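Single-structure report; data block below.
FYI, it's all coordinate maths here, none of it is from the lab. Since we're looking at a predicted model, the values are computed, not measured. When we count neighbours, we look across all protein chains shown, and the Cβ atoms used for this are built from the backbone with ideal geometry, even at glycine.
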2 protein chains.
Amino acid sequence: MAYDAPLTKEQILDAAEQALRRYGPDKTSVVDVARALKVSHGTIYRHFASKAELRESVTERWLQQISSPLQHIVQDGDHSATKRLRQWLETLAQTKRKYAVEDPEMFQMYTAVTMEALPSIVNHVDLLVEQVSLIIQQGIKDNEFKQGQPEQIARTLIIATSYFHHPAHAYQWTDPAIDQQFEQVWHMVLASIQAHSS
Amino acid sequence: MAYDAPLTKEQILDAAEQALRRYGPDKTSVVDVARALKVSHGTIYRHFASKAELRESVTERWLQQISSPLQHIVQDGDHSATKRLRQWLETLAQTKRKYAVEDPEMFQMYTAVTMEALPSIVNHVDLLVEQVSLIIQQGIKDNEFKQGQPEQIARTLIIATSYFHHPAHAYQWTDPAIDQQFEQVWHMVLASIQAHSS
């Protein structure tokens, strides 16, 4: 249809996400996506080199729903670094938990992509580390936190809280003790970075 | 054969472990195990109610190879609690890493059993928590560690170090940065429990 506007990447990703939800990651083919958009599969391949790349891009976009709201917490100058760090971690954990229950198909795909350690996941984690670094940096400047390398502290903190945000632990998030466990790990982390009041 | 000694649970577990290694958890049947032992499958069922129970018992026995050496570290009265805690954690992480590489079939089965949160895994984690509790208790008594509830501190510590011992993270253990990351999480954990020198 000659009057059609050219297909955008976003439109392909929308159709791919729908197909992935409907058929699952293993059964969805590029042909399914092309058919939904009424284009040839060649059109899809002009934007995405492979089915794997398409799947990774869908996950990448989905992950932005997780990292974007966290960015607001980083930039919230009204609160102390301690308060923001706590809110950041809690929001990350709760968003993941919510998606695990409410969006199981996409969450399962995200889990698979994570276990394959694909570049989009490495980027996602780097972005999270960067966000936490900024909070830590501010906390050091304000003497709330001890001196140290913000990026290294941030990465350590992300690793030490994996239980609450790494998708492989999703099966443990239904444990009634999860909130109490989060609280205790939070206090452990905080105690290790807080400047001692003199 | 009437002169045969009755089959022990250990013999069944040995045969099951061999079969599981050879055929994998999905393809191994109770009949395979019975055939290897030259008995009827009814004989196996007299000891294990189901294939799942047999698989879980094999994993349980395998896990004792991980927890038993750790028990020696707990009981080593020659070293400080800090030193023992560090050695305990490092041994746990390195043993898991070693098995992930050297015994991939059993490790994969252990991963599957873990993700199903089966009772044997809950027991294994409880045993680890108990071991760490004893070290923490001694550390508090000797004023190396701050006052607190040893069992709660131990569980928090196990959770905060999941990245290094939970099998779902095995794909991250080949990262060249893993030792440095362990070091940093260790220092974070230690800083949070250490008594401040007055």
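Things to note:
- Three principal axis lengths of the protein assembly as shown [C-alpha, angstrom, descending]: 88, 65, 36
- Rounded if a/c under 1.5, otherwise prolate or oblate - segment B:138-198, Cα gyration tensor axes: oblate
- Restraint check, A:LYS146/B:LYS98; B:LYS9/B:LYS38; A:LYS98/A:LYS141, Cα-Cα greater than 26 Å: A:LYS146/B:LYS98; A:LYS98/A:LYS141
- Seen through its C-alpha gyration tensor, with square-root eigenvalues sorted a ≥ b ≥ c, segment A:1-112 comes out prolate because a/c lies at 1.5 or above while a/b is bigger than b/c.
- Table column - 3J(HN,Hα) (Hz), segment B:74-86, Karplus curve with 6.51, -1.76, 1.60, x for Gly and Pro: 4, 8, 6, x, 6, 10, 5, 4, 4, 5, 5, 4, 4
- Computed from phi, the 3J(HN,Hα) profile of segment B:149-157 under the Karplus parametrisation 6.51, -1.76, 1.60 (θ = phi - 60°) reads 8, x, 5, 5, 4, 4, 5, 4, 5 Hz, with x in place of Gly and Pro.
- Using θ = phi - 60° in the Karplus curve 6.51 cos²θ - 1.76 cosθ + 1.60, the 3J(HN,Hα) couplings for segment B:179-185 round to 5, 5, 5, 4, 4, 6, 5 Hz; x is entered for Gly and Pro.
- Potential extension, A:GLN18-A:GLN180 segment - 0.36 nm per residue separation minus Cα distance: 54.7 nm
- Rounded to the nearest 20 debye, the dipole size of segment B:1-123 about its Cα centre is 100 debye, using +1 on the Cβ of Lys and Arg and -1 on the Cβ of Asp and Glu.
- Radius of gyration over Kirkwood radius for segment A:84-125, both on Cα atoms: the Rg/Rh ratio is 1.04.
- Radius, Kirkwood style, for segment A:58-193 when every pair of distinct Cα atoms is counted (Å): 15.3 Å
- Distant-in-sequence amide H partners of B:GLN194 (H built 1.01 Å from N, under 5 Å): B:LYS146
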